[in-house]
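**Q** One structure coming up, written as structure tokens, with questions to follow.
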Amino acid sequence: MIRLQDRIVMLVDLDYFFAQCEELRNPTLKEKPVVVGMYSGRTEESGAVSTANYVARKYGVKSGMPLFLAKRKLEGVEAVFLPVDHEYYEQVSDRLMQIFRGYADVFEQVGIDEAYLDVTEKVHVSFDEAKELAEQMKVDVKKQVGVTFSVGVGPNKLVAKIASDAQKPDGLTIVRAEDVKAFLQPIPVDRLLGVGKKTSKRMSELGIETIGNLAGFDVQKLVEVFGRTLGVYFFNAANGVDDEPVQEAGDAESISRIGTLKENSRDLEFILTKADELISDICEEVSQKQLSFRQVGIVAILSDLTVRSRSKTLEQPTTNPEMLRMIVRELFEKFLADSDLEIRRIGVKISGFLKEEKAQKRLTSFFEN
Ligand code: DCP
Ligand code: CA
Ligand code: CA
């Protein structure tokens, strides 16, 4: 049986992108070290390496390195240094993204050389089929454009992203849900989004070097050190838990309503009566705009005027007001359990929209399979 909450997400990342674009328009570069640099113009040598092909990387050239240092590392080698030509790379990127988009149920570009693809339905929630799809994509992109990329496949964005980095260039790394923990375990903790220099130093002091160390750490302690939001995020991330939907850029808008309770209260039913009014209003707009939504959030403004929020992401987009009521109830129920202040004002918000037609198709194609 297909479990609707299971997802299959890919992250595609183009290999040595700027330098590969240069090789594309001049294939004679391929065997040579190629360094693409951002020249600052102060002196002929000043500036930094944007990227280098894998031949140049063998000599120790890296993104961000000063150009003079790259030149020194390549002394006596027939290397090619080129200035960044952003416009051209963007043209190549646009062509590639259009191809990748065709392989996805939902597509989200996240940079000039990266995109997330939710392929859950396309591959019938099968990692074996996802592997075939990724292989097919590689052949197609090689044939149509002539470049290689690395792809990570996982049950969510977080795992897909880390997997895409595991074997480069021209990599294909698949991490099934049941292998996530073992896969993440040995990876240095600073590879997690949000773990920068400062945080990783802090973690190191706590004896946390790998994602595995972090996953095994006491979540309460993490909350003490990093605060509630970050502490919980780090703990979930280390355990491979990530509910972020793959979302088409531009779809990130939301619809929300806010209202004041007749009196401050902690009575769930009283609060939900007000919430119902807000929900009816929201649903009217939703049906007018023919949207379906995947994210539901509540906001509570407390008697001391602090603002708190809770949210939930659905497995499937919905248009159903009853569903919205149910989730709002659930969120307020939980909220009241974790806070002991009275609520003064409440808000309901939905986001993660799809045009309804597309959402219907998504659902039915699930059932057909
Ligand atoms: N880039 C840059 N300066 C940096 C890092 C990157 O100008 N410090 C640019 C050039 C890269 C592009 O962004 O080609 C994409 O960055 P990536 O980090 O994905 O690196 P590459 O695609 O170059 O290499 P890889 O094969 O490791 O993905
Ligand atoms: Ca890249
Ligand atoms: Ca990248």
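**Q** Test Leu354 against the criterion of being closer than 22 Å to Ala249 by Cβ, at pLDDT below 95 and of a type in the set (A, V, I, L, M, F, W, C), and give yes or no.
**A** Yes, satisfied.
**Q** Checking Glu263 against (1) assigned to a strand (DSSP E or B); (2) buried (at least 17 other Cβ atoms within 10 Å of the Cβ); (3) over 31 Å from the mean Cα position of the chain (by Cα): exactly one of these is not met. Which one?
**A** Single failed check for Glu263: (2).
**Q** Find all pairs meeting these conditions: Cβ atoms under 6 angstrom apart; at least six residues apart or on different chains; first residue within region 1-27 and under 17 Å from Ile162 (Cβ atoms) and away from ligand 2 (no atom under 14 Å from the Cβ); second residue modelled with pLDDT of 95 or more and of a type in the set (Lys, Arg).
**A** Note: pairs meeting the criteria are Val9/Lys157.
Quick grid of which residues meet (1) under 19 Å from the mean Cα position of the chain (by Cα); (2) within 16 Å of ligand 1 (Cβ to nearest atom):
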| position | (1), (2) |
| --- | --- |
| Phe81 | no, yes |
| Val106 | yes, no |
| Asp113 | yes, yes |
| Asp118 | yes, no |
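**Q** Looking at region 38-54 only, could you name the residues that are within 16 Å of ligand 3 (Cβ to nearest atom) and not in a loop (DSSP other than H, G, I, E, B)? Lay out the reasoning, then the answer.
**A** Looking only at region 38-54, we keep the residues that are within 16 Å of ligand 3 (Cβ to nearest atom), and these are 49-54.
Once the filter is applied, which keeps residues that are within 16 Å of ligand 3 (Cβ to nearest atom) and not in a loop (DSSP other than H, G, I, E, B), region 38-54 yields Val49, Ser50, Thr51, Ala52, Tyr54.
**Q** I'd like to know if region 136-150 contains one or more residues that are in contact with a strand residue (DSSP E or B) (Cβ under 6 Å, 6 or more places away or on another chain) and over 30 Å from Val223 (Cβ atoms).
**A** The initial filter retains those residues of region 136-150 that are in contact with a strand residue (DSSP E or B) (Cβ under 6 Å, 6 or more places away or on another chain), namely 149-150.
Next, only the ones that are over 30 Å from Val223 (Cβ atoms) stay: 149-150.
Scanning region 136-150, I find at least one residue that is in contact with a strand residue (DSSP E or B) (Cβ under 6 Å, 6 or more places away or on another chain) and over 30 Å from Val223 (Cβ atoms), so the answer is yes.
**Q** Still on this structure, I have one more. Go through region 212-256 and give me each residue that's assigned to a helix (DSSP H, G or I) and hydroxyl-bearing (Ser, Thr, Tyr).
**A** Those that are assigned to a helix (DSSP H, G or I) and hydroxyl-bearing (Ser, Thr, Tyr): Thr229, Tyr233.
**Q** When you scan region 118-128, do you find a residue that is within 15 Å of Gly240 (Cβ to Cβ), in contact (Cβ under 8 Å) with a residue 40 or more places away in the chain and surrounded by 15 or more Cβ atoms within 10 Å (Cβ to Cβ), even just one?
**A** Restricting attention to region 118-128, the residues satisfying the condition of being within 15 Å of Gly240 (Cβ to Cβ) are 127.
Among the residues that remain, those that are also in contact (Cβ under 8 Å) with a residue 40 or more places away in the chain are: 127.
Retained after the next criterion (residues that are surrounded by 15 or more Cβ atoms within 10 Å (Cβ to Cβ)): 127.
There is at least one residue in region 118-128 that is within 15 Å of Gly240 (Cβ to Cβ), in contact (Cβ under 8 Å) with a residue 40 or more places away in the chain and surrounded by 15 or more Cβ atoms within 10 Å (Cβ to Cβ).
**Q** Right, another one. Can you tell which of Leu184, Leu172 is in contact with a strand residue (DSSP E or B) (Cβ under 7 Å, 6 or more places away or on another chain), more than 14 Å from Glu114 (Cα to Cα) and of a type outside the set (Asp, Glu)?
**A** On the way: Leu184 fails: in contact with a strand residue (DSSP E or B) (Cβ under 7 Å, 6 or more places away or on another chain).
Only one candidate passes the filter, namely Leu172.
**Q** Can you tell me which residues in region 43-74 are within 11 Å of Pro33 (Cβ to Cβ) and within 8 Å of ligand 1 (Cβ to nearest atom)?
**A** Matches in region 43-74: Ala52, Tyr54.
**Q** Another question, then. Restricting attention to region 327-351, which residues are exposed (fewer than 14 other Cβ atoms within 10 Å of the Cβ) and either modelled with pLDDT under 95 or touching a strand residue (DSSP E or B) at 6+ places or on another chain (Cβ under 6 Å) (or both)? Walk me through it before giving the result.
**A** Let us first name the residues in region 327-351 that are exposed (fewer than 14 other Cβ atoms within 10 Å of the Cβ), namely 333-334, 337-338, 340.
Once the filter is applied, which keeps residues that are exposed (fewer than 14 other Cβ atoms within 10 Å of the Cβ) and either modelled with pLDDT under 95 or touching a strand residue (DSSP E or B) at 6+ places or on another chain (Cβ under 6 Å) (or both), region 327-351 yields Lys334, Ala337, Asp338, Asp340.
**Q** Of all residues in region 10-37 being more than 11 Å from ligand 1 (Cβ to nearest atom), assigned to a helix (DSSP H, G or I) and not hydrophobic (A, V, I, L, M, F, W, C), which is surrounded by the most Cβ atoms within 10 Å (Cβ to Cβ)?
**A** Once the filter is applied, the top-ranked residue is Glu23.
**Q** Further question: Quick one: in region 112-132, which of the residues that are within 15 Å of ligand 3 (Cβ to nearest atom) and either among the hydroxyl-bearing types (Ser, Thr, Tyr) or not in a strand (DSSP E or B) (or both) is modelled with the lowest pLDDT?
**A** In this case the residue turns out to be Ile112.
**Q** In addition: Output yes when any residue across region 120-138 is touching a helix residue (DSSP H, G or I) at 6+ places or on another chain (Cβ under 9 Å), within 13 Å of ligand 1 (Cβ to nearest atom) and among the hydroxyl-bearing types (Ser, Thr, Tyr), and no when none is.
**A** Taking every residue of region 120-138 in turn, none turns out to be touching a helix residue (DSSP H, G or I) at 6+ places or on another chain (Cβ under 9 Å), within 13 Å of ligand 1 (Cβ to nearest atom) and among the hydroxyl-bearing types (Ser, Thr, Tyr).
Yes/no matrix, rows are residues, columns are (1) surrounded by fewer than 16 Cβ atoms within 10 Å (Cβ to Cβ); (2) touching an Asp or Glu at 6+ places or on another chain (Cβ under 9 Å); (3) modelled with pLDDT under 95; (4) under 24 Å from Arg57 (Cα atoms):
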site: Val106; (1), (2), (3), (4): no, yes, yes, no
site: Val110; (1), (2), (3), (4): yes, no, yes, no
site: Lys138; (1), (2), (3), (4): no, yes, no, yes
site: Lys143; (1), (2), (3), (4): yes, no, no, no
site: Phe149; (1), (2), (3), (4): no, yes, no, yes
site: Val153; (1), (2), (3), (4): no, no, no, no
site: Leu172; (1), (2), (3), (4): no, yes, no, yes
site: Phe183; (1), (2), (3), (4): no, no, no, no
site: Leu193; (1), (2), (3), (4): yes, no, yes, no
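**Q** Sticking with this structure for a sec: Of all residues in region 83-104, which are among the charged types (D, E, K, R), within 13 Å of ligand 1 (Cβ to nearest atom) and assigned to a helix (DSSP H, G or I)? Give the derivation first.
**A** Just the residues of region 83-104 that are among the charged types (D, E, K, R), to begin with: 85, 87, 90, 94-95, 101.
Filter once more, so that each one left must be within 13 Å of ligand 1 (Cβ to nearest atom): 85, 90.
The one that is among the charged types (D, E, K, R), within 13 Å of ligand 1 (Cβ to nearest atom) and assigned to a helix (DSSP H, G or I): Glu90.
**Q** Would you confirm, using the coordinates I've provided, whether Ser46 is within 16 Å of ligand 2 (Cβ to nearest atom) and either at pLDDT below 95 or not aromatic (Phe, Trp, Tyr) (or both)? First the steps, then the outcome.
**A** On the way: within 16 Å of ligand 2 (Cβ to nearest atom): no; either at pLDDT below 95 or not aromatic (Phe, Trp, Tyr) (or both): yes.
Against the criterion (within 16 Å of ligand 2 (Cβ to nearest atom) and either at pLDDT below 95 or not aromatic (Phe, Trp, Tyr) (or both)), Ser46 does not qualify.
The values are calculated or read from the model by the stated rules, or taken from the named source; none is laboratory data. What you are looking at is a predicted structure, and each value in this text was computed from that prediction instead of being measured. Note: ideal-geometry Cβ built from the backbone for every residue, glycine included; neighbour counts use all protein chains shown.
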